[in-house]
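Heads up: the structure comes next, in structure tokens.
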Protein chains: 4
Amino acid sequence: MTALPALSPETAEALQRTRERVCALHAELTRWNLVTWTSGNISERVPGTELIVIKPSGVTYEDLTPASMVVCDLYGAPVEDGCSPSSDTDAHAYVYREMPEVGAVVHTHSTYATAWAARGEPVPCAITAMADEFGDDIPVGPFALIGGDDIGRGIVATLRGHRSPAVLMDRHGVFTIGKDAKSAVKAAVMCEDVARTVHLARQHGPVERLPQEHIDALYDRYQNVYGQRKGTAS
Amino acid sequence: MTALPALSPETAEALQRTRERVCALHAELTRWNLVTWTSGNISERVPGTELIVIKPSGVTYEDLTPASMVVCDLYGAPVEDGCSPSSDTDAHAYVYREMPEVGAVVHTHSTYATAWAARGEPVPCAITAMADEFGDDIPVGPFALIGGDDIGRGIVATLRGHRSPAVLMDRHGVFTIGKDAKSAVKAAVMCEDVARTVHLARQHGPVERLPQEHIDALYDRYQNVYGQRKGTAS
Amino acid sequence: MTALPALSPETAEALQRTRERVCALHAELTRWNLVTWTSGNISERVPGTELIVIKPSGVTYEDLTPASMVVCDLYGAPVEDGCSPSSDTDAHAYVYREMPEVGAVVHTHSTYATAWAARGEPVPCAITAMADEFGDDIPVGPFALIGGDDIGRGIVATLRGHRSPAVLMDRHGVFTIGKDAKSAVKAAVMCEDVARTVHLARQHGPVERLPQEHIDALYDRYQNVYGQRKGTAS
Amino acid sequence: MTALPALSPETAEALQRTRERVCALHAELTRWNLVTWTSGNISERVPGTELIVIKPSGVTYEDLTPASMVVCDLYGAPVEDGCSPSSDTDAHAYVYREMPEVGAVVHTHSTYATAWAARGEPVPCAITAMADEFGDDIPVGPFALIGGDDIGRGIVATLRGHRSPAVLMDRHGVFTIGKDAKSAVKAAVMCEDVARTVHLARQHGPVERLPQEHIDALYDRYQNVYGQRKGTAS
């Protein structure tokens with residue numbers, strides 16, 4: 001194909017805003033030191049469509065532009081000429097197909113989280129910041145090779161019905177989901193933060209999971225109370 | 001309510017300067033890598049009033065402006081329309097009510113300090129920089145859930161009568177106090193610094209607390225001699 | 001000698017572009033925290049010549065300019081007046097003489113990779129990012145003193161016929177090779193990244209090498225599928 | 001006193017250049033993450049005088065200006081009105097009085113080096129970069145309280161006749177010396193770098209000191225061959 005099918009003005013506008021958002025949020029991956037060279041990527045659904053926008057493959061973060069973001073269908077196929085999409089696109093696409101409530105997916109190999117993944121060990125929910133954001137341990141998904149639906153299947157099997165928006169794919173790295181790209185990026189940032197803190201804590205003694213009722217109370221409050229009322233702040 | 005009660009010109013000026021100071025000092029939290037996403041906050045008393053200024057909830061650090069800082073009474077209630085205050089405001093407010101000598105409070109989840117907190121273990125006063133600034137071990141406060149006065153009560157119970165301006169709240173993070181916001185921020189910066197150094201030191205052998213008379217001598221000198229004479233430098 | 005022998009306009013242009021590329025890529029060494037003070041260096045062949053361009057010795061990274069890059073023959077001798085070449089030039093030159101397929105060489109003492117080198121221990125291929133880029137463990141080369149061909153000989157003996165573009169020289173640091181300077185720099189960046197992740201992973205339990213068939217599949221795919229089609233992206 | 005005694009134009013010029021150099025080099029301490037808040041300082045002799053220039057006490061690095069640098073005699077007494085000198089000035093001054101070959105002194109509490117100091121353990125000379133710069137283990141000096149000559153005496157007793165330009169003062173931090181401020185700053189930067197690398201290396205197995213003849217060969221070459229010929233580069 002050579003170009004997107006004709007889009008309504010509203011959809012074209014939504015697509016353009018999604019390109020801008022996805023492009024800009026990649027800067028958060030570098031700012032919080034979650035990625036090395038070109039190793040992480042963000043995708044987001046285009047509201048009101050069956051399309052997603054994702055990072056192009058192998059392009060460095062400072063070279064990204066809204067126009068270079070790749071538009072794909074929910075099977076990961078690009079719908080216009082241009083850059084090739086991330087080599088992780090199949091995994092993202094599978095998640096969108098299987099989890100309609102997911103608006104965005106982020107993938108990183110952030111250092112401490114990937115260290116837990118290298119051992120295939122979940123991060124225990126040992127500090128309040130983790131109960132707030134993840135509501136549970138950060139789980140480990142199965143080992144899967146890149147290409148095809150295996151990684152996506154592992155993500156969905158692990159995160160469906162789980163409070164955590166982050167999964168550590170065995171021997172690989174992190175995938176996070178969110179209602180939008182900002183939420184999924186935040187989950188990736190917080191995943192590395194708590195993976196690092198709990199890693200360090202365990203170096204000098206055992207670290208225990210918080211009691212379940214405290215986890216529940218913290219998670220419930222954070223999801224429902226924290227942040228600005230709608231429309232008052234970013 | 002819709003606006004602050006009428007303020008004298010002097011108080012209005014003091015309030016504006018406090019907003020500017022509190023806003024600007026949040027940049028120190030990011031500069032020294034004490035915070036992730038929106039995870040830390042600073043408050044300061046408005047001189048000559050029963051008011052405090054605190055970070056708005058869930059707003060990223062680069063989006064903060066003096067005008068977005070939230071003015072609250074000493075029970076943590078906002079006194080004007082605008083952003084919601086930090087979800088940690090109750091804890092800050094309790095400290096101001098109970099410790100009139102405290103002019104500012106800082107809260108972070110800085111990595112190494114929170115790693116000690118995750119084990120519920122105080123940082124032993126093992127290096128001279130720690131004796132200078134903290135005059136003792138950095139103590140651990142009780143586990144408490146967010147909301148209401150429990151966290152504030154734990155901070156006050158731990159720091160009242162203690163030389164250390166920093167407390168590690170069990171499984172949670174760091175709170176520091178100071179005569180003003182700059183002092184409390186400095187305590188938060190130094191808390192992470194010494195928590196990291198002592199953490200690393202212990203990885204290759206035991207680390208002993210300094211003898212008490214050395215701690216006393218260092219603390220006394222640092223509090224009374226260090227820095228510029230009044231009015232000669234920042 | 002006082003100047004390069006007369007060059008054809010094409011060669012002069014190729015030389016100038018190589019100077020610019022090698023100079024600019026040193027900024028990636030500082031950006032990814034691979035070097036301290038003046039401790040790392042990059043060289044690249046000048047296409048169509050028997051010349052290489054390399055960092056001047058002892059010059060800090062922010063003082064580098066394309067003009068200060070040093071042009072040497074394949075025995076490491078400068079071919080014009082100017083700055084002295086890196087004290088590691090002999091090692092680079094040996095690699096170019098013995099491995100004609102190598103277009104660039106990078107040397108660093110990056111922290112985690114050098115920590116493995118200090119123990120003389122290869123980094124096991126335990127995570128998918130490592131299988132992608134290195135296709136195997138990152139091997140250790142022999143101890144060798146600087147000066148003469150000993151280091152170069154050790155690099156070639158270790159990397160010839162090995163998939164890994166990186167070698168940890170015993171008690172010393174990292175050398176990487178690539179078809180061009182960007183590839184060799186990427187290998188140096190990824191070497192530190194995986195050395196750090198596997199180091200951290202092993203702090204809390206054993207880390208196993210990936211099964212050989214998975215390493216083979218990942219390496220094959222990454223070398224052949226990843227990135228943009230020729231000419232579509234940087 | 002209110003002002004410096006009358007200086008010859010040459011000396012006034014030398015003093016001004018020393019102020020500028022010392023001020024500017026403090027930016028290297030922050031760039032290489034050697035200091036926290038106001039915790040490190042640099043001093044340098046004013047060539048051709050019995051004066052030194054040193055950081056003012058308690059002033060943050062971004063507020064430093066050449067004019068705010070403090071000029072002291074070799075007993076640490078300021079020779080003009082203005083800022084108070086660093087609280088470490090007595091230690092610097094003692095070194096200048098006792099070691100006339102020393103042109104500059106740097107003090108930091110850099111993290112990994114201070115972690116070794118907290119255990120009172122020298123850093124073994126286990127990697128080639130360490131043999132190059134330090135020519136030996138980095139030694140530990142005695143515990144000493146700040147104020148008076150005790151710290152200076154410990155530095156001199158440890159470094160006199162030692163190849164290493166760096167000493168780890170027990171339970172305290174790092175002092176380095178050099179022929180000029182740039183050399184002493186470089187020693188402080190490299191001290192943290194090798195302290196970190198050897199710390200990490202030992203986390204996964206024993207690390208052995210290099211054989212003495214290799215240390216000697218590396219140190220000799222680095223001191224005599226490395227860098228640009230006089231006058232060709234910074």
Between a residue in the range B:190-203 that is closer than 11 Å to A:LEU200 by Cα and any residue that is modelled with pLDDT of 95 or more and of a type in the set (Asp, Glu), which pairs come within a Cβ distance under 7 Å, given they are 6 or more apart or on different chains? none
Residues located in the range B:58-67, provided they are modelled with pLDDT of 95 or more and over 24 Å from B:LYS186 (Cβ atoms): B:ASP63, B:ALA67
Residue list for the range A:121-132, filter: in contact with a Gly (Cβ under 9 Å, 6 or more places away or on another chain) and facing another protein chain (nearest Cβ under 9 Å): A:GLU121, A:ILE127, A:THR128, A:ALA129
Filter pass, A:VAL95 being modelled with pLDDT of 95 or more and closer than 13 Å to A:LEU15 by Cβ: no
Restricted to the range C:97-140 and to residues being acidic (Asp, Glu) and in contact with a His (Cβ under 8 Å, 6 or more places away or on another chain), the residue nearest to C:VAL189 (Cα to Cα) is C:ASP136
Within the range B:180-195, restricting to residues that are under 10 Å from the mean Cα position of the chain (by Cα) and of a type in the set (D, E, K, R), the one that is nearest to B:LEU25 (Cα to Cα) is B:LYS182
Would you check if there is a residue in the range D:173-183 being in contact (Cβ under 8 Å) with a residue 60 or more places away in the chain, closer than 27 Å to C:TRP116 by Cβ and among the hydroxyl-bearing types (Ser, Thr, Tyr)? no
Verdict on C:VAL123 being within 22 Å of D:ALA131 (Cβ to Cβ) and not aromatic (Phe, Trp, Tyr): no
Selection count, the range A:1-48, where residues are at pLDDT below 95, surrounded by 13 or more Cβ atoms within 10 Å (Cβ to Cβ) and not hydrophobic (A, V, I, L, M, F, W, C): 4
If you go through C:VAL167, C:VAL198, the only one that is closer than 25 Å to C:THR30 by Cα and either under 16 Å from the mean Cα position of the chain (by Cα) or modelled with pLDDT under 95 (or both) is C:VAL167
List the number of the failed condition for A:LEU159; all other conditions in (1) out of contact with any Lys or Arg (no Cβ under 8 Å at 6 or more places or on another chain); (2) in contact (Cβ under 8 Å) with a residue 60 or more places away in the chain; (3) farther than 22 Å from A:ASP90 by Cα hold. (3)
What pairs come out if I take residues in the range C:48-61 that are farther than 18 Å from C:TRP37 by Cβ and pair them with residues that are part of a helix (DSSP H, G or I) and modelled with pLDDT under 95 whose C-beta lies under 7 Å away, six or more apart or interchain? C:GLY48/C:THR11; C:THR49/C:THR11
Only one of C:TYR96, C:TYR75 is buried (at least 21 other Cβ atoms within 10 Å of the Cβ) and over 24 Å from D:LEU210 (Cα atoms); which? C:TYR96
Going residue by residue through the range A:43-57, is there one that turns out to be touching a Lys or Arg at 6+ places or on another chain (Cβ under 7 Å), within 20 Å of A:GLY173 (Cα to Cα) and β-branched (Val, Ile, Thr)? no
Looking at the range D:138-153, which of its residues are among the aliphatic types (A, V, I, L, M) and in contact (Cβ under 8 Å) with a residue 40 or more places away in the chain? D:ILE138, D:ILE146, D:ILE151
Which numbered condition in (1) crowded, with 22+ Cβ neighbours inside 10 Å; (2) in contact with a Cys (Cβ under 8 Å, 6 or more places away or on another chain) is the only one that A:PRO66 fails? (1)
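The values are calculated or read from the model by the stated rules, or taken from the named source; none is laboratory data. Bear in mind the structure is a predicted one, so any value in this text is a computation, not a measurement. Heads up, the Cβs are rebuilt from the backbone with ideal geometry, glycines too, and the neighbour counts pull from every protein chain shown.
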